[in-house]
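Scroll down for the structure; my scribbles are underneath it.
Since every read-out is calculated from the coordinates, none of them should be taken as a lab result. These numbers come from a predicted model, not from an experiment. Positions of Cβ are backbone-derived with ideal geometry, glycine not excepted, and every protein chain shown enters the neighbour counts.
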């Protein structure tokens with residue numbers, strides 16, 4: 001990778017560095033996503049260490065945030081995704097409410113997927129997710145959309 005020495009920081013430390021640099025520059029997640037021409041939720045997830053950057057985007061990010069090129073190998077490495085302790089729900093209230101929504105509506109969505117598509121799953125790899133704010137006179141609404149490819153089970 002262009003002879004750049006690898007940065008010895010952990011993935012968590014790199015994510016902390018990225019978030020601190022973004023904040024120091026006064027950039028929102030939307031600003032970074034727009035500057036790098038990437039989807040908002042994907043870019044936010046990548047800045048949090050959950051997605052790998054391609055080399056070109058990593059270089060642009062390093063330039064945008066005035067970071068050291070030594071971060072490049074960390075930014076393009078496939079991350080260890082997911083961070084929940086499987087024996088306990090997440091403690092952050094926002095993340096917990098998403099977890100709760102999946103606990104409440106997940107079984108119904110599973111049934112509807114099977115009824116509509118057959119035996120299979122919604123891929124979280126061939127996957128898009130979007131986020132937006134919707135104004136509402138009774139209180140603004142959070143709109144999250146999951147768009148995953150259906151993968152039928154094969155018995156071969």
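Translational D (Stokes-Einstein, µm²/s) of segment 11-76 at 25 °C and 0.890 mPa s when Rh comes from the Kirkwood sum over C-alpha pairs? Estimated diffusion coefficient is 215 µm²/s. Between residue 134 and residue 19, the modelled label-to-label distance comes to 2.9 nm, taking each label 7 Å out from Cα in the direction of the beta carbon. Seen against the Cα atoms of the chain and their longest principal axis, helix 55-64 is set at about 60 degrees.
Divide the volume of the convex hull around the Cα atoms of segment 29-118 by the residue count and you get 157 Å³ per residue. Have a look at 103, 51, 74 and tell me which one the Gaussian network model of the chain (Cα, springs below 10 Å) gives the largest fluctuation. Looking only at 103, 51, 74, the largest GNM fluctuation is found for 103.
Using the empirical formula 2.2 N^0.38 Å as the baseline, the Cα radius of gyration of segment 53-103 reaches a ratio of 1.66. For segment 93-152, the convex hull spanned by the alpha carbon atoms encloses 107 Å³ per residue.
Kindly express, to the nearest 10 degrees and within the range 0 to 90, the angle between helix 11-24's C-alpha long axis and the longest C-alpha principal axis of the chain. With both axes taken from Cα atoms, the answer is about 70 degrees.
With a Förster radius of 22 Å applied to the C-beta separation of residue 154 and residue 92, the computed FRET efficiency comes to 0.05.
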